[in-house]
Amino acid sequence: MQLYFDILSSPIGNLLLLAQEFALKEIVFPPDDHEHEIQDNWIQGSELLEATKKELKAYFEGHLKEFSVQVNPDGTPFQIKIWKEVMSIPFGSVCSYQDVANGIDNSSACRAVGRANSQNPIPIIIPCHRVIGKSGKLTGYSGGLHRKEELLKLEGIETEENPNQYKLF
């Protein structure tokens, strides 16, 4: 499988974008105090990556609310089911892990939803940052809670603790 890469400078750090010819495979947050590791067999740039960068820039500038770039994340069928459900959460909205579990008709899968979100290879476009704790608290995020908070703020979601703000049930 040939992989293409590019780096996007963003308000939340330099993002490594990885794609196959026709679908985005990964968005990787910058490692702490390091540059991204680029493999020798990756090819820099592609039409898909240019389109992805354009959409992500528009998102960070507040002009894009829904991505159209094709994605093909690697995961188990169960993870992919969860990520599809997460992709249905609209811009500027949040829901709980319980809501996502209910959305896949598996109300006991809250922890599995959390695990799948932590392994989401295409954050931002598969917007796992929009999934929060049932209490309204920000919970884990593979890019760090500070990035989750920044992404939510970008979408107009206030993240201060307010017991009524994220009341979902």
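The values are calculated or read from the model by the stated rules, or taken from the named source; none is laboratory data. Computed from a predicted model, the values in this text were never measured in an experiment. Glycine also receives a Cβ, built like all others from the backbone with ideal geometry; neighbour counts cover every protein chain displayed.
A compact table of results
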{"quantity": "Count - residues of the stretch 21-45 that are surrounded by 13 or more Cβ atoms within 10 Å (Cβ to Cβ) and in contact with a helix residue (DSSP H, G or I) (Cβ under 9 Å, 6 or more places away or on another chain)", "calculated": "4"}
{"quantity": "Test: residue in the stretch 103-111 that is buried (at least 16 other Cβ atoms within 10 Å of the Cβ), within 12 Å of the chain's Cα centre (by Cα), at pLDDT below 95 and not assigned by TED's automatic domain parsing to the domain that holds Lys53", "calculated": "no"}
{"quantity": "Odd one out for Ser68, checked against (1) surrounded by fewer than 14 Cβ atoms within 10 Å (Cβ to Cβ); (2) over 21 Å from Cys128 (Cα atoms); (3) among the hydroxyl-bearing types (Ser, Thr, Tyr)", "calculated": "(2)"}
